[in-house]
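Take a look at the structure set out below.
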Amino acid sequence: MLETIVAPATPYGESSIGVIRISGSEALPITKTLTKSKVFKKRYAHYRKVYLDNNIIDDVIVTFYKSPNTYTGEDLVEISCHGSITIVKTIINELINLGCLMAEPGEFTKRAFLNGKLDLLQAESITSIIKSKNDINLKNQQKILSGQLSNKLLIIKQKLLDTLSYFEHHLDIDEFDQFLKLDECLDSLNFIQKELKNLMNSFSMGKIYNDGLHVVICGKPNVGKS
């Protein structure tokens, strides 16, 4: 977590734009060295030139995001360059020479999780969003990323804790059980049971939307399998 990491945010290949992402405490100083520029305003697109041994590599757009209001919770810089494989690799190699460490797969999201920007469900949903192959799964994963599932589980957890605390309090303190509000406790337990059943029932269909189905089409020759 002490290292400043770098990685391409777009796949390698020929395209109009390639995006390189840097995260860590040294993200801005390293970017200043790379571009020979001293001023970067927060959340502002700066037109700059990237240098290697005083030679211009490319004209780029640099955007600086100040911690903690970033995806990873750290200082974060995004460099938008031309989408040449050579340009992207050259810039990343120069950033590594200036002190960055090449990020491991998923390390930006890992840092977002460790810094409290995402919970585990939200972090896992990002991979599903990237790999999503249909609109329904994409919408479901966006709901998870927005925190809907996490909030629902937190409500269930809190109701369980409230009910448990209520009974433990009366077992330890009260001498008479006529003060127990059993109807309210049963309502809470029924609510929890209903919500958990709904989540269990939605799991199988959600897994199909997320992972897809493997279907075998078999039969005799020339019976219409095609």
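The values are calculated or read from the model by the stated rules, or taken from the named source; none is laboratory data. Because the structure is a prediction, the values reported are computed rather than measured. Ideal geometry is used to build each Cβ from the backbone, glycine not excepted, and the neighbour counts take in all protein chains shown. What goes into the accessible areas is simple: the full protein's heavy atoms, side chains included, and nothing from ligands, DNA or RNA. Shrake-Rupley method; radii C 1.70, N 1.55, O 1.52, S 1.80 Å.
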Checklist (1) at pLDDT 85 or above; (2) under 27 Å from K143 (Cα atoms); (3) not charged (D, E, K, R) applied to T163, failing item: (2)
Residues of the range 3-60 classified as among the acidic types (D, E), open to solvent by 50 Å² or more (accessible area, probe 1.4 Å), farther than 20 Å from F108 by Cβ and in contact (Cβ under 8 Å) with a residue 24 or more places away in the chain, total: 1
Counted residues, the range 199-218 - those being under 17 Å from N137 (Cβ atoms), within 25 Å of the chain's Cα centre (by Cα) and open to solvent by 70 Å² or more (accessible area, probe 1.4 Å): 6
Tally, over the range 4-19, of residues that are closer than 15 Å to T63 by Cα and either more than 17 Å from the chain's Cα centre (by Cα) or of a type in the set (D, E) (or both): 3
Residues of the range 173-198 that turn out to be part of a helix (DSSP H, G or I) and either open to solvent by 70 Å² or more (accessible area, probe 1.4 Å) or at pLDDT below 85 (or both), as a count: 17
Residue within the range 2-22 that is in contact with a Ser or Thr (Cβ under 7 Å, 6 or more places away or on another chain), among the polar types (S, T, N, Q) and not in a loop (DSSP other than H, G, I, E, B) present: no
Single unsatisfied condition, A27 versus (1) more than 26 Å from the chain's Cα centre (by Cα); (2) modelled with pLDDT of 95 or more: (1)
